[in-house]
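Taking it in order: structure first as structure tokens, then the write-up.
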Amino acid sequence: MIYVALLRGINVGGAHTVPMADLRRTFEALGHLDVATYINSGNVLFGSAEHDELAMAGRIENAVEQGFGFAPRVLVRTGADIRAIAAAIPEAWTNGPAMRADVVYVLDGVDARAASAQLEPRAGIEHVRHAPGAFIWMVDRRDATRSRLARMAGTPLYKQATVRNINTARKLAAMVADRQE
């Protein structure tokens, strides 16, 4: 089965630096197959016969801590989950000069609807969509400084989620689709 691991907080602002080639080797040492990374922010596609995503996430966290000296939170999702989340992104939403859109992937046990509601999105300024295990947040660039998504930093929710822009979410889904065809 194809999985995607999202490692939280690596290679951000010069902290917790992990070369992607070393990260791939770490996954291979855990017995995962056909390991590939996408950009330098902790997105790993891999194959595994295992079906316990929480157990895989725990082993990945431990291996990264042993190999790199810190333990990032790790979300492991099936390829089907990653594709369903990307499919929930409205086609017109972009991440460019006119608008900013992000996917907030939440850890297992966190309710995405309740989590997004905690941030109290501003009506008419911020738009939110939901998918199992994630919420998608869009704001026009002209209103970006008024976005409440930035309020997530420093809250308990911040440590229970990892954010990727929609371009990354769509690319991961496309990479999963390429492996399934």
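Computed values, structure above
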quantity	calculated
Single condition SER48 does not satisfy, out of (1) under 13 Å from the mean Cα position of the chain (by Cα); (2) closer than 17 Å to ASP34 by Cβ; (3) of a type outside the set (A, V, I, L, M)	(1)
Restricting segment 24-45 to residues that are modelled with pLDDT of 95 or more, of a type in the set (A, V, I, L, M, F, W, C) and within 18 Å of THR168 (Cα to Cα), the residue that is surrounded by the fewest Cβ atoms within 10 Å (Cβ to Cβ)	ALA36
Residue satisfying condition, being touching a residue at least 40 places away in the same chain (Cβ under 8 Å), in a strand (DSSP E or B) and farther than 23 Å from GLY79 by Cβ, within set VAL104, VAL128, VAL139, VAL163	VAL139
Sole exception among (1) out of contact with any Ser or Thr (no Cβ under 9 Å at 6 or more places or on another chain); (2) of a type in the set (Ser, Thr, Tyr); (3) under 17 Å from VAL176 (Cβ atoms) for THR17, by number	(3)
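The values are calculated or read from the model by the stated rules, or taken from the named source; none is laboratory data. Quick caveat, the model's predicted, so the values are computed rather than measured. Virtual Cβ from ideal backbone geometry, glycine too; neighbours counted across all protein chains shown.
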